[in-house]
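Worksheet: one structure, shown below.
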Amino acid sequence: MATAHEGDGALGDVIDPELPASTYVLEPEIVAPLVRRVVTSHGAGTHRSELPFTGAPLAAVPLSSPQDVVGATRAARAAQHDWAALPLRERARVLDRLGVLVLERQSEILDLIQMESGKSRRNAFEEVADIAQTCRHFVRRAERYLADRREPGALSVLTGVRVHRRPVGVVGIIAPWNFPLTLALSETVPALLAGNAVVLKPDPQTTLSALWASELLAEAGLPDDLFAVVAGGVDIGAELVDHVDHVAFTGSTETGRKIAARAGERLIGATLELGGKNPLYVAADADLDRAVPGVLRACFTNAGQLCMSSERLVLHERIAERFLERFVPAVRALTLGTGLDYTADVGSLVSADQLERVAGHVDDALAKGARALVGAVHRSDVGPYFYAPTVLDDVPDDAACRHEETFGPVVAVTRVGGDDEAVRVMNDTHFGLHASIWSTDVARARRLAARVETGTVVVNDGYLHAWGSAAAPMGGMKASGLGRRHGREAIEAVTETQSVVAQRGHGLGISVDALYELGGDVPSRVLTGALRAMRRLRMP
């Protein structure tokens, strides 16, 4: 993507130094082809996104009206019928091509992701890799996931059952800002493969990345109207929920509850990945040489703005001090930066609101007696929303960051005397999204994982292998959500089952109806004998 910064990998010369708040980072000729993909009648105004690295204006994006949402879903529904009628291999060909294109054109989307979300380039690349992986998996497995299946009937000889999967129709996706490409497409891919249409509402800050995804789908061969992007805030999201046949939402538990309630009123399905307060346990036998860099990534990837980020560091007391002696200097050595290259370890928080939340949690903990082992500083010298990776110790139970999701580069340390106490600490939250366990005894770690109340648990890794295992369902327990993304469960969420039950031999007079015509207790006696025989033969 040719931008004003092309060639230097930094942003120092992107904005007008005299009028930094009046000059857009992205040139109009770059933005125009993307914003033409917004479904809008141009009567709802515009949203001005900003570059988190500097606070400069990034682009002006036209907003959608409620009526635009109605029009988008109506057009999507009309297009969906022909799409669902295509053979699966033709639908798969489009999504396979998408996986190829996202790798070929990655430099474009890496720039956009960084400029919209403020993350480092390495963290942005994880989104590219994720979509390539997601496309590959679902294209290869879609036939298996969508295949008709035979099931035993009421009377196996006389009854044949086939269960079919049918697309629900139009899937609405409400995506947040922290993973603008991944969360725009990770549920789009299985939805389209299953024969649905998709209407996406991205966060206003990251609309350009979603529009780039729309452009790539069109280049991959997706017919018009099957993937639409509506732009706006909470009101547009609410309107979308009111017109689609299934809603997929990633965001806060508070908003997720409202969406679930409305979906329940409409009797439509909902896939909700919500908040988390994810624990990471370093057991007494952990290999600290491997654990320290892994825990570093688990806590501070994407500046902690990751649903699977570890915010509670649970350390066995036998290794706690040795671990911290290595971990704290490693945290201090992390580099913060604004470059559109691979030089920085940690990027920016996305906005002033996010900075206020993170700083507020840290200040609250310190005021109540916690100690900062490293960090706890607003790094305004790097950029307006940068916050230093922070490790807190002795955090009191009444501190906000003890139980509330911070969603930033902050981790709190808890020491435990053994595995049983570690499990109790890990489960001491109303969230249940993700957990991590570090141990050289993988079998023991698996047994511990079975006792942890989270939708995913990863052993000797922070999050990457759990997220990257596209065949394995991922989602939350307790207040962390409903439903699952990835794997067979993602296809099942956006399809309805239809059971077709055929009575065999009806034309030959061999049927339950013919049996009933014998009258009296004869049908009951015959059926009693048949049921007993089926039990003896252990028939399902």
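The values are calculated or read from the model by the stated rules, or taken from the named source; none is laboratory data. Quick caveat: nothing in here was measured; it's all calculated off a predicted structure. A quick note on method: Cβ atoms are made from the backbone with ideal geometry, for glycine too, and the neighbour counts reach across all protein chains shown. Side chains are part of the model used for accessible areas, which takes the heavy atoms of the whole protein and leaves out ligands, DNA and RNA. Shrake-Rupley method; radii C 1.70, N 1.55, O 1.52, S 1.80 Å.
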Seminar exercise, completed: Subset of region 347-363, residues within 25 Å of Leu324 (Cα to Cα) and surrounded by fewer than 18 Cβ atoms within 10 Å (Cβ to Cβ), comes to Gly360, Asp363
Exercise. How many of the residues in region 25-59 are open to solvent by 40 Å² or more (accessible area, probe 1.4 Å), of a type outside the set (S, T, N, Q) and under 20 Å from Asn178 (Cα atoms)?
Worked result: 3
For this session: Give just the number: which of (1) without any contact (Cβ under 8 Å) to a residue 24 or more places away in the chain; (2) crowded, with 24+ Cβ neighbours inside 10 Å does Arg140 not satisfy?
Result: (2)
For this session: Pairs only if they're at least six apart or on different chains, beta carbon under 9 angstrom, first in region 401-418 and touching a residue at least 24 places away in the same chain (Cβ under 8 Å), second assigned to a loop (DSSP other than H, G, I, E, B) and among the aromatic types (Phe, Trp, Tyr); list them, first residue then second.
Result: His403/Phe431; Glu405/Phe431
For this session: Determine which member of the set Ala400, Ala365 is more than 18 Å from Leu296 (Cβ to Cβ) and touching a His at 6+ places or on another chain (Cβ under 8 Å).
Result: Ala400
Problem set entry | region 325-345, residues that are surrounded by 14 or more Cβ atoms within 10 Å (Cβ to Cβ) and either more than 21 Å from Gln106 (Cβ to Cβ) or of a type in the set (D, E, K, R) (or both) | Arg326, Phe327, Val328, Ala330, Val331, Leu334, Leu336, Asp341, Asp345
For this session: Scan region 102-120 and report the pairs whose first residue is within 23 Å of Phe407 (Cβ to Cβ) and aliphatic (A, V, I, L, M) and whose second residue is modelled with pLDDT of 95 or more and open to solvent by 10 Å² or more (accessible area, probe 1.4 Å), with Cβ atoms within less than 7 Å and a gap of 6+ or a chain change.
Result: Leu110/Arg121; Leu110/Phe125
For this session: Would you be able to say whether some residue in region 85-97 is open to solvent by 10 Å² or more (accessible area, probe 1.4 Å), within 21 Å of the chain's Cα centre (by Cα) and not hydroxyl-bearing (Ser, Thr, Tyr)?
Result: yes
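Looking only at region 195-208, filter to residues that are more than 19 Å from Glu108 (Cβ to Cβ) and part of a loop (DSSP other than H, G, I, E, B); which one of those is most open to solvent (accessible area, probe 1.4 Å)?
Initial filter on region 195-208 (more than 19 Å from Glu108 (Cβ to Cβ)): 195-199, 201, 203-204.
This time we only want the ones that are part of a loop (DSSP other than H, G, I, E, B), so: 195-196, 203.
Numbers: Gly195: 0, Asn196: 0, Asp203: 41 Å².
Residue satisfying both the conditions and the ranking: Asp203.
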Problem set entry | Residues satisfying the stated conditions in region 369-424, i.e. of a type in the set (S, T, N, Q) and under 20 Å from Asn178 (Cβ atoms) | Thr390, Thr406
Exercise. Looking only at residues in region 238-251 that are in contact (Cβ under 8 Å) with a residue 60 or more places away in the chain and assigned to a loop (DSSP other than H, G, I, E, B), which one is least open to solvent (accessible area, probe 1.4 Å)?
Worked result: Val244
Exercise. Among the residues of region 107-124, is there at least one that is over 20 Å from Leu34 (Cα atoms), open to solvent by 10 Å² or more (accessible area, probe 1.4 Å) and not polar (S, T, N, Q)?
Worked result: yes
Exercise. Any idea which of (1) open to solvent by 60 Å² or more (accessible area, probe 1.4 Å); (2) under 19 Å from the mean Cα position of the chain (by Cα); (3) among the acidic types (Asp, Glu) is the one Glu127 doesn't satisfy?
Worked result: (1)
For this session: Look through region 501-528, keep the residues that are outside any helix (DSSP H, G or I) and modelled with pLDDT under 85, and return whichever of them is most open to solvent (accessible area, probe 1.4 Å).
Result: Arg504
Exercise. Does region 180-194 include one or more residues that are under 22 Å from Asp345 (Cα atoms), in contact with a helix residue (DSSP H, G or I) (Cβ under 8 Å, 6 or more places away or on another chain) and crowded, with 24+ Cβ neighbours inside 10 Å?
Worked result: yes
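Taking the options Glu265, Glu273, name whichever one is acidic (Asp, Glu) and buried (at least 21 other Cβ atoms within 10 Å of the Cβ).
Numbers: Glu265 fails: buried (at least 21 other Cβ atoms within 10 Å of the Cβ).
Going through Glu265, Glu273 in turn, the sole match is Glu273.
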Seminar exercise, completed: Only one of Asp225, Asp235, Asp285 is open to solvent by 10 Å² or more (accessible area, probe 1.4 Å), at pLDDT 95 or above and in a helix (DSSP H, G or I), namely Asp235
Exercise. So Leu464 clears everything in (1) modelled with pLDDT of 95 or more; (2) within 16 Å of the chain's Cα centre (by Cα) except one condition, right? Which one?
Worked result: (1)
